[in-house]
Amino acid sequence: MEDNKVCPLHTFTQTLGDCTAQLAELKALLMALERTDPAQSTLIVCDSYYCVQSFNEYLHYWRQNGFGDSKGNTIKHRLLWGKVADLKETLPNVHVVHTLGHQHVGIHVAGNTLADEAAKSAVAVAAFAAVTRLSSKPDRD
């Protein structure tokens, strides 16, 4: 019987600035897809129903409809979803699945915990940078 080879978790960061949780999750999904080798079978685990359901169920229809919803309105984050759709076509071995966030048991806990820690760290760094900019102005006395 052949052993299944499992790749280690990959982590990466990017400063996002002020954005919603949905936009941050979508950008993280896009970053993961951009770093995926098309020849490798890849599992992306995400605790965002928005990203998982959109990737697996809606993306095909959005693309067919020019990234509009059933009422003809342009979907939010249309440009990013367009990039995700382009990448999805080139990555046939990518699977995006949902996991519950902030859990302490289960097979995806380690990855989800790393993602949460990275998000908290990014917020802390952004807050520190903002404070540093404010306090680094020269005195005018």
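FYI, it's all coordinate maths here, none of it is from the lab. These numbers come from a predicted model, not from an experiment. Cβ: placed from backbone, ideal geometry, glycine included. Neighbour counts: every protein chain shown.
Summary of values
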quantity: q = 0.19, 0.21, 0.23 Å⁻¹: log10 I(q)/I(0) that the Debye formula gives for the range 40-98, counting C-alpha atoms only; calculated: -0.68, -0.82, -0.95
quantity: Theoretical FRET efficiency, 1/(1+(r/R0)^6), r = Cβ-Cβ of Lys71 and Asp37, R0 41 Å, to 0.05; calculated: 0.60
quantity: Protection proxy ranking, peptides 41-54, 18-31, 66-79, 88-101, average beta carbon neighbours within 10 Å, highest first; calculated: 41-54, 18-31, 88-101, 66-79
